1. Considering the stretch 87-98 alone, what residues qualify as being touching a residue at least 40 places away in the same chain (Cβ under 8 Å) and either in contact with a Phe, Trp or Tyr (Cβ under 7 Å, 6 or more places away or on another chain) or open to solvent by less than 10 Å² (accessible area, probe 1.4 Å) (or both)?
2. Does the stretch 331-343 include one or more residues that are more than 30 Å from Asp401 (Cβ to Cβ), of a type outside the set (Val, Ile, Thr), in a loop (DSSP other than H, G, I, E, B) and open to solvent by 40 Å² or more (accessible area, probe 1.4 Å)?
3. Within the stretch 220-240, which residues are farther than 23 Å from Glu133 by Cα, open to solvent by 60 Å² or more (accessible area, probe 1.4 Å) and either polar (S, T, N, Q) or outside any loop (DSSP other than H, G, I, E, B) (or both)?
4. State which residue is nearest to Tyr444 (Cα to Cα) when the search covers only the stretch 132-141 and only residues that are open to solvent by less than 10 Å² (accessible area, probe 1.4 Å) and of a type outside the set (Asp, Glu).
5. For the stretch 511-545, which residues satisfy the criterion of being within 26 Å of Ser461 (Cα to Cα), open to solvent by 40 Å² or more (accessible area, probe 1.4 Å) and either among the hydrophobic types (A, V, I, L, M, F, W, C) or at pLDDT 95 or above (or both)?
6. Every residue in the stretch 385-420 that is open to solvent by 40 Å² or more (accessible area, probe 1.4 Å), in contact (Cβ under 8 Å) with a residue 12 or more places away in the chain, assigned to a strand (DSSP E or B) and out of contact with any Gly (no Cβ under 9 Å at 6 or more places or on another chain), please.
7. When you scan the stretch 156-170, do you find a residue that is open to solvent by 30 Å² or more (accessible area, probe 1.4 Å), aliphatic (A, V, I, L, M), at pLDDT 95 or above and over 25 Å from the mean Cα position of the chain (by Cα), even just one?
8. Confirm whether Leu456 is more than 23 Å from the chain's Cα centre (by Cα), crowded, with 22+ Cβ neighbours inside 10 Å and either at pLDDT 90 or above or acidic (Asp, Glu) (or both).
Amino acid sequence: MTSIRRILLSFSLLAAAPAPLLAQTEPTTGMMPDVVVTADRYPTDPSKVTGSYTVVTGEDMQRRQLRTVGDVLRSVPGVSVQQNGGPGTLTSVFIRGANSNHTLVLIDGVNVSSPSAASGAVDFANYLTENLERIEVVRGPMSTMYGSQAMGGVINMVTKAGKGPMSGAAFAELGTRMQTNAGAYVQGSEGRFNYNLTLAGTYSPNDTPVPARFWARNNPYVDIDPYRNITLASRLGYEVTDTTSVTWFSRFIDARVNYDQVGQEDPNATTFTQQFMNRLQLDGNYLDGRWKPVLGVAYYSNYQHSQDFPSVQVPAPFTRDSYFNGRRLTADWRNLFTIAENAGALDELSFIGGIDFDQSWAYNNADGAQGWGAMAQTGFYGQMRSTLFTNFNVNIAGRIDVNNTYGTVPTWRAGASYLWAPTDTRVKASYGTAFKAPSLFELYGTGFFCAGNKQLSPEYSRGWEVGVEQGMWDRKVTASVTYFFNSFNNLIQCPPPFTSLENVAQAQTEGIETTLQIKPYDWIDFNFEYTFLIARNVTANQPLVRRPQDTFNIRTMIRPFDGWQFGAGVTQVSSRWDFNATTGAIMQPSAYTLLRITAAYDVTPKVQLFARAENVLNQVYEEPEGFQAPYFQAFFGVKARF
């Protein structure tokens with residue numbers, strides 16, 4: 001079926017859905033989030049957001065027993081997650097077919113892309129969900145609001161703010177393959193001071209990610225690849241006055257993982273990672289709420305040490321001892337001005353504008369071959385937001401980024417949405433441009449093959465989308481369909497003779513995102529997400545690898561009795577392309593279907609027993625080709641609150 005026919009079919013199914021039994025003058029919120037923060041960098045009514053977004057709340061993560069951010073993102077429309085084996089191994093995220101380094105990732109407002117990473121892509125392997133308030137995913141070009149890297153979209157993780165009397169919780173669970181997860185937090189507020197302190201950890205022995213078809217060549221050595229992670233996080237806030245507050249965010253991650261090569265056991269390969277992030281933020285609310293400034297300063301460091309000494313299996317490792325140290329200092333000043341409210345047909349007119357500054361440094365040392373570099377970038381942006389006739393929203397935004405290495409880059413975005421209240425039908429459309437700056441490694445990296453190139457230019461993209469959302473039966477049912485198209489040019493690759501990086505490639509992606517949410521009663525809910533994606537390397541005239549064409553997610557949660565809840569989810573991934581682990585030729589890996597089941601019982605109001613089963617069908621599959629995904633594992637645990 002062609003993409004156009006799929007679009008028409010999806011829209012026709014949505015149009016055929018029955019209208020509400022009783023027309024609503026104002027649609028109820030139903031299953032919509034209270035606010036969306038990431039789209040406009042300020043809390044925004046979801047009905048006024050002109051782009052595509054998904055919000056996963058901390059409560060939802062706990063109910064579904066999702067322990068890592070990668071697991072959360074697997075069920076988000078338009079998002080593909082690829083992990084090189086078990087917990088702790090390299091985890092890449094692709095939004096709408098864009099490269100993994102085309103996603104801006106924030107934790108409490110801190111950009112966690114390591115300046116020392118080869119392409120600038122974020123590895124999601126070490127991000128745990130314990131005590132997160134929400135994860136927001138905004139899809140589509142967002143450089144106008146965020147600058148470099150937000151070509152495919154933005155992923156924003158937010159820690160909960162403490163409130164009320166002191167309270168807390170702790171949990172621990174053990175898997176049948178001896179994986180252990182645990183965490184605890186304490187939070188509350190006292191007068192003008194609020195706090196939230198979190199500790200979480202994971203240990204997993206990890207079966208080998210080398211598929212069984214390669215075991216014979218390892219004579220017949222098969223090892224395990226242990227992983228451990230300790231994460232500390234805090235959020236401390238103080239209300240200086242009734243209109244001014246200060247918040248300090250901090251997070252420290254210490255992780256270690258053994259890993260193998262593609263199809264090859266490597267008993268001595270280990271990576272140590274430490275990430276440290278801090279942000280100090282001042283929030284104001286002045287002139288009776290008409291001016292809301294935010295001033296922030298953040299520092300992020302990412303240190304990686306990889307070792308791979310000779311062994312019988314790998315007598316001559318490509319690199320034996322390497323260090324990667326990336327640091328980033330950022331400052332931002334943003335403002336929300338409410339210009340007019342309830343002025344005739346103009347319900348609201350506001351302006352969001354500010355300045356972003358980013359200074360990054362990188363140092364790499366691979367077996368004595370050293371490389372280092374630095375880059376500074378300043379962005380100036382502004383966005384006009386208006387609401388007309390109550391339900392018609394228009395956003396127009398522009399930005400200029402000035403970089404001390406490659407010069408000036410302008411971007412812009414425009415979006416609109418309209419809600420037809422009598423039938424609770426919302427339509428939206430947007431168009432935007434985006435860019436990604438060359439990473440420091442791409443500019444200054446050393447080596448005989450694919451070395452850095454100081455003459456590189458940014459990568460560019462432009463994209464548009466159009467969609468419709470339908471609420472039914474007082475929003476007990478919501479359905480949506482969105483079509484998107486993106487083009488990418490000036491992409492950085494390593495062409496023959498493979499001596500240095502160049503701006504040479506072009507790519508296109510298009511697809512459909514479909515969602516259906518049903519909550520007929522308080523004790524049951526049902527979710528369905530389907531993404532259809534066509535992603536092509538235009539230069540090479542071949543599919544982009546590791547971007548599934550069809551991804552289905554179906555899940556339900558039921559609460560039949562007081563204190564009991566059960567959940568089940570099915571994921572199917574098919575029609576994808578990858579490079580053959582043996583020959584390097586492009587090929588289509590087998591499709592796979594995963595079944596996940598959860599259960600929980602509240603023994604008392606403060607003690608809960610829970611269990612879950614992952615990969616219940618014990619599917620043998622490889623997410624990226626050449627890396628065996630985890631087998632079946634059941635977990636049993638307990639959670640206590642105070």
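The values are calculated or read from the model by the stated rules, or taken from the named source; none is laboratory data. All of these numbers come straight from a predicted model, not from anything done at the bench. Counting neighbours? That spans all protein chains shown, and the Cβs are built from the backbone with ideal geometry, glycine included. Keep in mind that these areas ignore ligands, DNA and RNA; they rest on the heavy atoms of the full protein, side chains included. Shrake-Rupley method; radii C 1.70, N 1.55, O 1.52, S 1.80 Å.
1. Within the stretch 87-98, Pro87, Gly88, Thr89, Val93, Ile95, Arg96, Gly97, Ala98 meet the criteria.
2. For the stretch 331-343, residues more than 30 Å from Asp401 (Cβ to Cβ), of a type outside the set (Val, Ile, Thr), in a loop (DSSP other than H, G, I, E, B) and open to solvent by 40 Å² or more (accessible area, probe 1.4 Å): absent.
3. Matches in the stretch 220-240: Arg228 only.
4. First pass over the stretch 132-141, keeping only residues open to solvent by less than 10 Å² (accessible area, probe 1.4 Å): 132, 135-138, 140.
Right, trim to of a type outside the set (Asp, Glu) and you get 132, 135, 137-138, 140.
Values: Leu132: 36, Ile135: 34, Val137: 32, Val138: 31, Gly140: 29 Å.
The selected residue is Gly140.
5. Residues satisfying the conditions are Ile534, Arg536, Val538, Ala540.
6. Leu388, Phe392, Tyr418, Trp420
7. Yes, because at least one residue in the stretch 156-170 is open to solvent by 30 Å² or more (accessible area, probe 1.4 Å), aliphatic (A, V, I, L, M), at pLDDT 95 or above and over 25 Å from the mean Cα position of the chain (by Cα).
8. Values: more than 23 Å from the chain's Cα centre (by Cα): yes; crowded, with 22+ Cβ neighbours inside 10 Å: no; either at pLDDT 90 or above or acidic (Asp, Glu) (or both): yes.
No; evaluated as a whole, the condition is false for this residue.
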